[in-house]
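Notes follow once the structure below has been shown.
The values are calculated or read from the model by the stated rules, or taken from the named source; none is laboratory data. What you are looking at is a predicted structure, and each value in this text was computed from that prediction instead of being measured. Here the Cβ positions follow ideal geometry from the backbone for every residue, glycine too, while neighbour counts run over all protein chains shown.
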Amino acid sequence: MNTENRLQSEEYSSGKVDILSLYLPELEKLIRDFGEPSYRARQIYTWLHEKRVLSLEEMSNIPKSLKQKLSENCRIPRMELVKSRHSAQDGTCKAAFALEDGNIIESVFMPYRHGNSVCISSQAGCRMGCRFCASTLGGLARNLAASEMLGQVYAMEREGGQRVSHVVIMGTGEPLDNLEQVVRFIRILSDEAAGGISQRNITLSTCGLVPQIRQLAGEHLQVTLALSLHASNDELRRSLMPIANRYSIAECLDACEAYFRETGRRISYEYALIRGENDGPEQARELAGLLSGRNCHVNLIPVNPIEERDYRKSQPERVRDFQAELERHGINATVRRKMGADIDSACGQLRRKQMTETKKKGGDI
Ligand code: SAH
């Protein structure tokens, strides 16, 4: 299944240029290469990213001859909404999309008081293997193109029916395993001439690919970096996250420090609380010791149980105690509010369901 998907995606990417993934100067070069004036590029860019049309036909001020050249050489990748679920409780909306090669991805729209937020996927599947995560169970199918990440934001804005001000790259996939396309996505999304979402309102979450954290720091973006820590020592972390066999917590924290130095952005640390595994007062103290003196924020997330594993959520009083212990040591910590509890909004669950249903139907979407 994985090899098949990868082959299909190569077929799709072999031919025409994906114009939704291009920076404006790249689009200008393409248009000049067609022998057309480069101001046309800005018009097309506006159609794609501001008006968000889904086809060349809709670009009404573009001459027919140029549209012809575009349709012969370029494409706007399509995503088809295959399922959406709206929470009656809090307005959260979760959607599954089929990509052109049949891969399924999922995104979530979350209305908050401070603005609407969209959580997007950066890969179809994931190869990081975190033990508690549903997104990694089927392995990695392929990386997403920048256009497929932008497509999620644009589609969720349509689906949610309201403007999006915040984006979190916390859906399926490891964004730093797809760094080049993720950086491209962030730059286009935050471009004033396109989506115009402030980089300060974009959060990228990583399981801790150390060299890529340093590479990202070198890009000098203003996005918030979140590190999925989930453990207070290396041995515990190795039991939950295979990536911990490659990089120690100390190496991750050093790389985060470098990110903070380069960008001035405070780091967020994610900590999923798993009953009896990592949620005791001794772990809270150990975690506080690791983070003391750092400009940071800890997000505590009672783990979302998944069918395939028997990890359970920490009890509410255990969560409160853990938070209190951190705060006693001067570490800023919040407990993440659970959104969309009534619509399976835990990581990767809608995608897995949809993939199983699609398989049962014989692969047709
Ligand atoms: N690969 C990236 C981003 C995607 S996962 C990363 O690891 O950070 C986004 C966040 O959800 C991560 O902090 C991840 O560890 C967490 N997560 C995954 N499965 C979860 C679950 N079942 N319950 C709670 N958090 C989970």
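Could you tell me whether the stretch 285-306 includes any residue that is of a type in the set (S, T, N, Q) and in contact with a Lys or Arg (Cβ under 7 Å, 6 or more places away or on another chain)? Talk me through it step by step, then tell me what you get.
Quick first cut of the stretch 285-306, residues of a type in the set (S, T, N, Q) only: 292, 295, 299, 304.
In the following step, the residues that additionally are in contact with a Lys or Arg (Cβ under 7 Å, 6 or more places away or on another chain) were identified as 295, 299.
Yes, the stretch 285-306 has at least one match.
Can you pull out the residues in the stretch 135-159 that are crowded, with 24+ Cβ neighbours inside 10 Å, among the small types (Gly, Ala, Ser) and in contact with a Cys (Cβ under 8 Å, 6 or more places away or on another chain)?
Ser135
If Leu253 passes every condition in (1) assigned to a loop (DSSP other than H, G, I, E, B); (2) farther than 24 Å from Asp321 by Cα but one, which one does it miss?
Going through the list (1) assigned to a loop (DSSP other than H, G, I, E, B); (2) farther than 24 Å from Asp321 by Cα, Leu253 breaks only (1).
Among (1) outside any strand (DSSP E or B); (2) within 16 Å of the ligand (Cβ to nearest atom), which single condition is Ser117 missing?
Only one criterion in (1) outside any strand (DSSP E or B); (2) within 16 Å of the ligand (Cβ to nearest atom) is unmet by Ser117, namely (1).
Quick one: how many residues across the stretch 120-132 are within 9 Å of the ligand (Cβ to nearest atom) and either crowded, with 24+ Cβ neighbours inside 10 Å or among the acidic types (Asp, Glu) (or both)?
4
Go through the stretch 179-214 residue by residue and tally those that are assigned to a helix (DSSP H, G or I) and within 16 Å of the ligand (Cβ to nearest atom). Write out each step before concluding.
From the stretch 179-214, those assigned to a helix (DSSP H, G or I) are 179-189, 199-201, 210-214; that's our starting set.
Next, only the ones that are within 16 Å of the ligand (Cβ to nearest atom) stay: 179, 181-183, 185-186, 210-213.
Going through the stretch 179-214 one residue at a time, the tally reaches 10.
Quickly run through the stretch 160-188 and pick out the residues that are more than 20 Å from Arg214 (Cβ to Cβ) and among the β-branched types (Val, Ile, Thr).
Listed by number, the residues that qualify are Val164, Val167, Val168, Thr172, Ile188.
State the number of residues belonging to the stretch 215-247 that are basic (Lys, Arg) and either within 13 Å of the ligand (Cβ to nearest atom) or outside any helix (DSSP H, G or I) (or both).
Matching residues across the stretch 215-247 total 2.
Which of the residues belonging to the stretch 132-172 are within 20 Å of Asn201 (Cβ to Cβ), of a type outside the set (A, V, I, L, M) and in a loop (DSSP other than H, G, I, E, B)?
Gly161, Gln162, Arg163, Ser165, Gly171, listed by residue number.
Kindly establish whether Arg285 is touching a His at 6+ places or on another chain (Cβ under 9 Å), modelled with pLDDT of 95 or more, of a type in the set (Lys, Arg) and closer than 30 Å to Gln199 by Cα.
No, not satisfied.
I'm checking my understanding of the structure. Among residues of the stretch 315-365 that are of a type in the set (A, V, I, L, M) and touching a His at 6+ places or on another chain (Cβ under 8 Å), which one is modelled with the highest pLDDT? Step through it out loud before you land on a result.
Of the stretch 315-365, the ones of a type in the set (A, V, I, L, M) are 319, 324, 326, 331, 333, 335, 339, 341, 343, 346, 350, 355, 365.
Remaining after also requiring touching a His at 6+ places or on another chain (Cβ under 8 Å): 333, 343.
On the way: Ala333: 97, Ile343: 69.
Residue satisfying both the conditions and the ranking: Ala333.
So which of Gly330, Gly280 is of a type outside the set (S, T, N, Q) and at positive phi?
Step by step, each of Gly330, Gly280 is checked, and only Gly330 is of a type outside the set (S, T, N, Q) and at positive phi.
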